[in-house]
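Take a look at the structure below.
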Amino acid sequence: MDDGRMGGARSRVAVAGASGVIGAALVRSLTADGHEVVRLVRRPPRGADEVRWDPEGGRVDAAGLAGCDAVVNLAGAGVGDRRWTDAYKTRIRSSRVHGTTALAEAVASMEQPPRVFVNGSAIGFYGETGDRPVDESAPAGEGFLPSLCVEWEAAAAPARHAGVRTVFVRTGLVVSRRGGAWSRLFPLFRAGLGGRLGDGSQYWSFVSLHDEVAAIRYLMEREDLSGPFNLTAPRPVTNREITVAMGRVLRRPAPFAVPAPVLRAVLGEMAGDVLGSARVLPARLQESGFRFAFPEIDGAIRAAL
């Protein structure tokens, strides 16, 4: 879609989660190329470019999706926004599973459905992988995030069964200053307070925000591609390597370390995700011909500055 076209014409694209770091960047990219973007919002619409929906309640104004060439669902309560209480875990799950079900059913009910339904997911699907590299052929892991991702992807079944090409974007840690978990690292490292988490041996499968958006648009365009795709850079690095790279690029020392027991005390169950290792490879994306602009960690960090 580098020429701003999908299927040879300017496109109408509906985006759920347009206020999030990835969704906002995708909207900027699409509108810059002249596409018409419809945002799904929880409040009353303020214009023709907005459609009302209630993701946790499972409701969406399907009529507002008429004429869309693509529907992209990136909505969901932030996994790293707060401690994982039972109540917040329920919110994380319902915001994704119920929202996806509502959109998939709306898409399936349309007389002229979109050509593609792109649904968010995450590399949390694989759970703890240690030093073992995994690609899209690997099974789901165990725990809260893997079970969430399985349900999240399964909720898109109505669209897939209706014959709509369905893509799952299993996103890694997005390197961005604009939001998300990584945005919290930049001010710490700039202040000289950065450091490794735990022993730093855990793999963090990262992706630049630029490549994240480019990959989503690439998957929207490629009519021969469906199913799960890992949106991660080709060479995952350890938290220790990331600490060194952040210090190097920002030209700040990174002498500190946060012991694992402290992280567990502060973050609770979510510490398992921070300390866990996920060495995830974008096999299907690379095999299809996609090229990363920022395949290395230093470049991804610089692109975010």
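The values are calculated or read from the model by the stated rules, or taken from the named source; none is laboratory data. Owing to the predicted nature of the structure, the values given are computational and were not obtained by experimental measurement. Cβ sites come from the backbone with ideal geometry, for glycine too, and all protein chains shown count toward neighbours. The protein model used for the area step is the full one, side chains on, heavy atoms only, and it has no ligands, DNA or RNA in it. Shrake-Rupley method; radii C 1.70, N 1.55, O 1.52, S 1.80 Å.
With every protein chain in place, what's the accessible area of ARG91 (1.4 Å probe, Å², nearest 10)?
In the full protein context, ARG91 sits at about 100 Å².
Roughly speaking, what is the stretch gain from GLU151 to LEU305, that is 0.36 nm per residue apart minus the C-alpha to C-alpha distance, in nm to one decimal?
Taking GLU151 through LEU305 to full extension adds about 51.9 nm, to one decimal.
Once the convex hull of the C-alpha atoms of segment 132-262 is built, how many Å³ does it hold per residue, rounded to a whole number?
So the per-residue hull volume is 134 Å³.
Quote the accessible area belonging to GLU241 in square angstrom, nearest 10, computed with a 1.4 Å probe and with ligands, DNA and RNA left uncounted.
Its heavy atoms expose roughly 70 Å² to the probe.
Between helix 21-32 and the chain, what is the angle of the helix's C-alpha long axis to the longest principal axis, kept within 0 to 90° and rounded to the nearest 10?
Around 50 degrees separate the two axes.
Which percent, nearest 5, of DSSP beta bridges in the chain are antiparallel?
Percent antiparallel among DSSP bridges in the chain is about 10.
Taking R0 as 35 Å, what FRET efficiency do you get between ARG43 and SER109 from their Cβ-Cβ distance, rounded to the nearest 0.05?
0.90
At a 1.4 Å probe radius, which order do HIS161, HIS210 fall into by accessible area, largest first?
Largest accessible area first, the list is HIS161, HIS210.
Only four residue types carry charge here, +1 at the Cβ of Lys and Arg and -1 at the Cβ of Asp and Glu. Report the dipole size of the chain about the Cα centre in Debye, rounded to the nearest 20.
1040
Using a 1.4 angstrom probe on heavy atoms only, work out the carbon and sulfur share of the accessible area of the chain in %.
Its accessible area is 51 percent carbon and sulfur atoms.
Among GLY80, VAL97, PHE125, whose Cα sits farthest toward the positive end of the charge dipole of segment 52-142 (+1 at Cβ of Lys/Arg, -1 at Cβ of Asp/Glu, about the Cα centre)?
In segment 52-142, that residue is GLY80.
Give the whole-number value, in cubic angstrom per residue, of the convex hull volume spanned by the C-alpha atoms of segment 16-108.
Looking at segment 16-108, the number lands at 93 Å³ per residue.
Local charge sum around GLU223 (other residues, Cβ-Cβ under 12 Å, Lys/Arg +1, Asp/Glu -1)?
0
Distance in nm between label sites at ARG222 and ASP131, each 7 Å beyond Cα in the beta-carbon direction?
The answer from the label model is 3.1 nm.
Just report the Cα centroid separation between segment 18-64 and segment 151-230, whole Å.
One Cα centre to the other: 19 Å.
Please calculate the 1.4 Å probe accessible area of ARG93, with all protein chains present, and give it to the nearest 10 Å².
Accessible area of ARG93: about 60 Å².
Let me spell out the model: positive unit charges on the Cβ of Lys and Arg, negative unit charges on the Cβ of Asp and Glu, origin at the Cα centre of segment 190-244. What dipole size does that give, in debye rounded to 20?
About 320 debye.
Work out, step by step, the length gained on full extension between ASP298 and ALA32: first 0.36 nm times the residue separation, then minus their alpha carbon distance; give nm to one decimal.
Value of the extension gain: 93.1 nm.
Taking the dipole about the Cα centre of the chain, with the C-beta of Lys and Arg at +1 and of Asp and Glu at -1, give me whichever of LEU188, SER147, ILE216 is farthest to the positive side.
Checked the options; the winner is LEU188.
Normalised by the number of residues in the chain, what is the relative contact order in percent for Cα pairs under 8 Å and 6+ residues apart?
18
Please compute the length gained on full extension between ARG83 and SER201, using 0.36 nm multiplied by the number of residues separating them and subtracting their Cα-Cα distance.
40.2 nm
What number in nm² do you get for segment 46-171 if you take the convex hull of its Cα atoms and divide its surface by four?
Computing the convex hull of the Cα atoms and averaging its projections yields 8.8 nm².
Filter the GluC sites (Glu not before Pro) in segment 130-172 to those in DSSP coil with at most 14 other Cβ atoms within 10 Å of their Cβ, and list the result.
Of the GluC sites (Glu not before Pro), the ones in loops of segment 130-172 whose Cβ has at most 14 other Cβ atoms within 10 Å are GLU142.
Around HIS161, what is the net charge, scoring Lys/Arg as +1 and Asp/Glu as -1 over all other residues with Cβ under 15 Å from its Cβ?
0
What is the set of long-range amide H partners of SER11 at a cut-off below 5 Å, with H atoms built 1.01 Å from backbone N?
MET6, GLU36
Select from segment 139-238 those chymotrypsin sites (Phe, Trp or Tyr not before Pro) which occupy a DSSP coil region and have at most 13 other Cβ atoms within 10 Å, ordered by residue number.
none
Semi-axes, largest first, in whole Å: what does sqrt of 5 times each Cα gyration tensor eigenvalue give for the chain?
32, 21, 18
Please list, in order, the residues from segment 48-66 whose amide nitrogen is less than 16 Å from a point placed 7 Å along the Cα→Cβ vector of SER19.
Of the residues in segment 48-66, 50-57 have backbone N under 16 Å from the label point off SER19.
Roughly how many Å² is the accessible area per residue of segment 22-93, as a whole number, for a 1.4 Å probe?
Accessible surface, normalised per residue, equals 48 Å².
Please give me, ordered by residue number, the chymotrypsin sites (Phe, Trp or Tyr not before Pro) of segment 33-123 that lie in loop per DSSP and have at most 11 other Cβ atoms within 10 Å.
Passing both the DSSP loop test and the Cβ count: no residue.
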